[in-house]
Ligand code: ADE
């Protein structure tokens, strides 16, 4: 999968994308994530990419031309038009279900907004979907784009050590994950549940399934209700 992040802050993205599991996956060619500097495509001789909002109001708005030309140059380079996602608090809130769906795309472009937003005509002209990472407002779209890129990268074959890693984790099945423990068997007076030390795999699986259900019911009644509804079908 190839992901192109269209941004005014490519160094900020590269810093995050070079580290840890995603950094290794990129170096091993398991996922191709690149950044594109929107400012490189402005027609303005002073390098400007934003201007004041028509009708007045606070802040600056990103102009359509630099973003449009940046996206066109990407389409030309790829020889195809990737789906373009604009990260915005006005978008659909991201879920693991949405991540699974987007992970099937061979090419994705992620547009990071800044200042008070992007000229609406650009969104109408080229953006396919708007995605939010939650009901709060950040200073720009880079962190949301990095969140989405990370969630997509770890779904690509070979990125995690074993497919079980994401089929058993929180949200994949619609439930939260069971609690995990490692050595030592007792720490500050707290013992690891006996069943996990028993070596009895059927009992361990049953205990984990029960914990998953109990946690989801307690912590996320919304997820639990949706899970029960699906199970009944
Ligand atoms: N840009 C600013 N805040 C955002 C959010 N919550 N999700 C996606 N993009 C954003």
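We did not get these values from a lab; they are worked out from the coordinates using the rules stated. All values reported here derive from a predicted model rather than from experimental measurement.
Taking the C-alpha atoms of the chain, how large are the radius of gyration and the largest Cα-Cα span, Dmax, in Å?
Rg, Dmax (Cα atoms, Å): 21.8, 71.
Between the alpha-carbon centers of the range 1-64 and the range 125-140, tell me the distance in whole angstrom.
When both Cα centres are located, 14 Å separates them.
Pick out which of 65, 180, 96 has the largest mean-square fluctuation in a Gaussian network model of the chain, springs linking Cα atoms closer than 10 Å.
180
Any chance you could tell me what percent of the C-alpha pair distances in the range 1-97 go past 21 Å?
48 percent
What's log10 of I(q)/I(0) for the range 175-233 at q = 0.19, 0.22, 0.23, 0.25 Å⁻¹, Debye sum over Cα points only, no solvent?
The Cα Debye sum returns log10 ratios of -0.76, -0.89, -0.93, -1.00.
Could you tell me what percent of the DSSP beta bridges with both partners in the chain are antiparallel, to the nearest 5?
15 percent
Give me the Kirkwood hydrodynamic radius of the range 121-233, using the inverse of the mean 1/r over all pairs of distinct Cα atoms, in Å to one decimal.
Computed over Cα pairs of the range 121-233, the Kirkwood hydrodynamic radius comes out at 17.7 Å.
Return one number: the angle in degrees, 0 to 90 and rounded to the nearest 10, between the long axis of the Cα atoms of helix 221-232 and the longest principal axis of the Cα atoms of the chain.
70 degrees
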